[in-house]
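Asker: Okay, handing you the structure first.
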Amino acid sequence: MSPQPDVIRGTSIAGTGRYVPERVMTNHDLAQIVETSDEWIVERTGIRQRHIAAPDQASSDLALIACQRALAMAGLEPGQVDHIVLATTTPDRILPSCACTLQQKLGATRAAAYDMFAACTGFVYGLGLARGLIGAGVADTVLVVGVETLSRIVDYTDRNTCVLFGDGAGAAVLRPAAPGEGLHAIDMHSDGELGEVLEVPSGISRNPATTATVAGREHFIRMQGKKLFPFAVRSMVESLSLCLERSGWAANDLDLFIPHQANLRIIDGVRERLALDPAKCVVNIDRYGNTSSASIPIALDEAVRAGRLQPGHKLGLAAFGGGATWGAATMTWTLPAPAAMREAEPAAAREVTT
Ligand code: UT7
């Protein structure tokens, strides 16, 4: 297949930021709550700890700091943002949208703001949307943020799920670029047939909240992890392969690959099928668990600030999640060396790096 035709303008990432809450919950902490062990969790998932939001922190609070950091790196003011695309499964409330709450806190006075529900694929979907908006000239500056407070919808009596998820936020500022620079290919899919494999059964229009739904713990995540596993590997490999083909790249042309962090065995499965050098694959699931829509932008920001991405590097992203949704992206990195970026971090931001 020939490369995807360029839209009118190119789109590239001009800044990234992340924030994770201070509180760390280790596997040993979880073993005090449910029948599990550090050995089982590490062996089956690669997770050692996850960060948990404080009682007074909602998703918009986490997103705010990640966005401030991303804008500082881009050298932009909140008032310059045209669109806020907020990918989440855990908005502060259903109404108003989490994006509008963030817009107000950030002072992004002229931004359109809306939530996007694409589960763990949300950040990749957000990049696709931003590319369309910028490419078509509808917007110049788009803030894409993936944020989750999954601890609020995790059932801490269910060992099948409670060991997996964590809280956090990651953001990217998207700006116009020369045609062919920045984002190359974006691939996005969904299959509602798989909807029940990962769901929160009650709370909104299908089964509004009642005392019975609350008593039945129906407002928490339920997952058939075994069914998701092979789908996850297959979908990420297929989607990234399509993007590589559209970019005219082989897998090992990539300088860096950032997969959604759901399970280390899933990441290894994808990497092995692509025959990709392990040193090129970003893994941070040991420290954060699965932060859903935030996992790729958190890993991206870590990679950027650690100097793992330099101008001209080829980057691949791939994600899958509830819905089901899946997708991938390829891009050429355009941002300069990270030394100047570290200085751009707002001093007020609270973060523990572990
Ligand atoms: O971001 C997208 C959403 N999530 C995913 O993509 C998750 C995809 N799936 C997975 O990552 C894996 O399927 C899991 C990590 C969820 C589970 O790993 P698994 O190797 O598929 O284990 P399993 O579900 O087959 O369970 C094996 C055993 C079971 O015991 P029995 O029936 O063999 O006696 C489980 O009850 O492990 C048991 N088990 C646990 N034991 C200790 C399940 N969870 C735990 C636990 N601690 N936390």
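Asker: Pairs of alpha-carbon atoms within less than 8 angstrom and 6+ residues apart define the contacts here; what relative contact order does the stretch 10-177 have, in percent? The partial results should precede the final answer.
Answerer: Details: 385 pairs, mean separation 58.3, N = 168.
In percent, rounded to a whole number, it is 35.
Asker: For the chain, build the charge dipole from Cβ charges (+1 Lys, Arg; -1 Asp, Glu) around the Cα centre, then report which of G122, H313, I134 sits farthest towards its positive end.
Answerer: Of the options given, the answer is I134.
Asker: Using a simple charge model, +1 on the beta-carbon of Lys and Arg, -1 on the beta-carbon of Asp and Glu, nothing else, what dipole does the stretch 225-277 show about its Cα centre, in debye to the nearest 20?
Answerer: Numbers: 7 positive and 7 negative charges, 84 e Å.
That gives a dipole near 400 debye.
Asker: Add +1 for every Lys or Arg and -1 for every Asp or Glu among the other residues with Cβ under 15 Å from the Cβ of Y125, and state the total.
Answerer: Values: positive: R131; negative: D115, E148, D187, D191.
Net charge around Y125: -3.
Asker: While we're looking at this one, here's another question. Is it possible to state the helix-based mean residue ellipticity at 222 nm for the chain, with each DSSP H run of 4+ residues giving -39500 (n - 2.57), the sum divided by total residues, to the nearest 500 deg cm²/dmol? What is it?
Answerer: Details: 12 runs with 114 residues, N = 354.
One gets -9500 deg cm²/dmol as the mean residue ellipticity at 222 nm.
Asker: By counting other Cβ atoms within 10 Å of each Cβ, how are Y288, Y114 ranked from fewest to most? Could you put the intermediate results ahead of the total?
Answerer: On the way: Y288 26, Y114 15.
Lowest count first: Y114, Y288.
Asker: Across 20 Å bins from the origin, how do the percents of Cα pairs in the chain run, short distances first?
Answerer: Taking every Cα pair in the chain, the percentages come to 33, 60, 7.
Asker: Give me the extension gain from A215 to D191: residue separation times 0.36 nm, minus the current Cα-Cα distance, reported in nm with one decimal.
Answerer: On the way: separation 24, 0.36 × 24 = 8.64 nm, distance 3.04 nm.
Length gained, A215 through D191: 5.6 nm.
Asker: Something else now. When Lys and Arg each count +1 and Asp and Glu each count -1, what net charge do the other residues less than 15 Å away from S37, Cβ to Cβ, add up to? Walk me through the numbers on the way to the answer.
Answerer: Working: positive: R44, R48, R159; negative: D29, E35, D38, E39, E43.
For residues surrounding S37, the net value is -2.
Asker: Follow-up. Assign unit charges at the C-beta atoms only (+1 for Lys and Arg, -1 for Asp and Glu), then state the dipole size of the chain relative to its Cα centre in Debye, rounded to the nearest 20. Don't skip to the end; give the middle numbers.
Answerer: Values: 31 positive and 38 negative charges, 30 e Å.
Using only the charged Cβ atoms, the result is roughly 140 debye.
Asker: Excluding residues on the same chain fewer than 8 positions from K314, give the aspartates and glutamates whose Cα lies under 12 Å from its Cα.
Answerer: E181, D253, D255
Asker: Let me ask something additional. Taking the Cα centre of the stretch 10-177 as origin and charging only Cβ (+1 Lys, Arg; -1 Asp, Glu), how large is the dipole, in debye to the nearest 20?
Answerer: Details: 13 positive and 17 negative charges, 102 e Å.
So the dipole magnitude of the stretch 10-177 works out to roughly 500 debye.
Asker: So for the pair L95, R265, with labels modelled 7 Å out along Cα→Cβ, what separation do we get in nm?
Answerer: Each label point lies 7 Å from its Cα, and together they span 4.4 nm.
Asker: Then there is this: Under 8 Å for C-alpha pairs, at least 6 residues apart: give me the relative contact order for the chain, rounded to a whole percent. Could the numbers behind the result be given before it?
Answerer: On the way: 895 pairs, mean separation 91.8, N = 354.
The value is 26 percent.
Asker: Hey, how many Å between the Cα centroid of the stretch 83-124 and the Cα centroid of the stretch 172-199?
Answerer: 16
Asker: When Lys and Arg each count +1 and Asp and Glu each count -1, what net charge do the other residues less than 11 Å away from A171, Cβ to Cβ, add up to?
Answerer: Values: positive: R18, R69; negative: D301.
Spelling it out: positives minus negatives among the neighbours equals +1.
Asker: Using the count of nearby Cβ atoms within 10 Å as a rough guide to exposure, how do E39, E77 rank from fewest to most? Before the final figure, lay out the partial values.
Answerer: Details: E39 10, E77 13.
Fewest-to-most ranking of E39, E77: E39, E77.
Asker: Based on the Cα coordinates of the stretch 10-177, what is the per residue volume of their convex hull in Å³?
Answerer: Details: hull volume 18.7 nm³, N = 168.
Normalising the Cα hull of the stretch 10-177 by residue number yields 111 Å³.
Asker: For the chain, set up a Gaussian network in which alpha carbons nearer than 10 Å are linked by springs, and say which option among V138, V214, V20 fluctuates the most.
Answerer: V214
Asker: Determine, from the Cβ-Cβ distance of T157 and A250 and an R0 of 41 Å, the FRET efficiency 1/(1 + (r/R0)^6), rounded to the nearest 0.05.
Answerer: Numbers: r = 47 Å, r/R0 = 1.14.
Between T157 and A250 the formula returns 0.30.
Asker: Relative to the longest principal axis of the chain, what angle (0 to 90°, nearest 10) does the C-alpha long axis of helix 264-273 take?
Answerer: Rounded to the nearest ten degrees, it is 40.
Asker: Next question. Choose one answer from H219, H260, H83: the residue with the largest mean-square fluctuation in a GNM of the chain with alpha-carbon springs under 10 Å.
Answerer: H219
Asker: To make sure I understand, if each residue's beta carbon is the centre and we count other beta carbons within 10 Å, what order do V163, V282 fall in, fewest to most?
Answerer: Placing the least packed residue first, the sequence is V282, V163.
Asker: Which is farthest toward the positive dipole end of the stretch 45-118 among I94, G79, I65, measuring Cα position about the Cα centre, with Cβ charges +1 (Lys, Arg) and -1 (Asp, Glu)?
Answerer: Of the listed residues, the answer is I65.
Asker: Let me ask something else about it. Express the relative contact order of the stretch 278-342 as a whole percentage, based on alpha carbon pairs under 8 Å and six or more residues apart in sequence. Let's see the in-between values first.
Answerer: Numbers: 56 pairs, mean separation 19.1, N = 65.
29 percent.
Throughout, read-outs are computed from the coordinates displayed, never taken from laboratory work. Predicted model, so just to flag it, every value in this text is computed and none were measured. With ideal geometry, Cβ positions are generated from the backbone for all residues, glycine too; neighbour counts draw on all protein chains shown.
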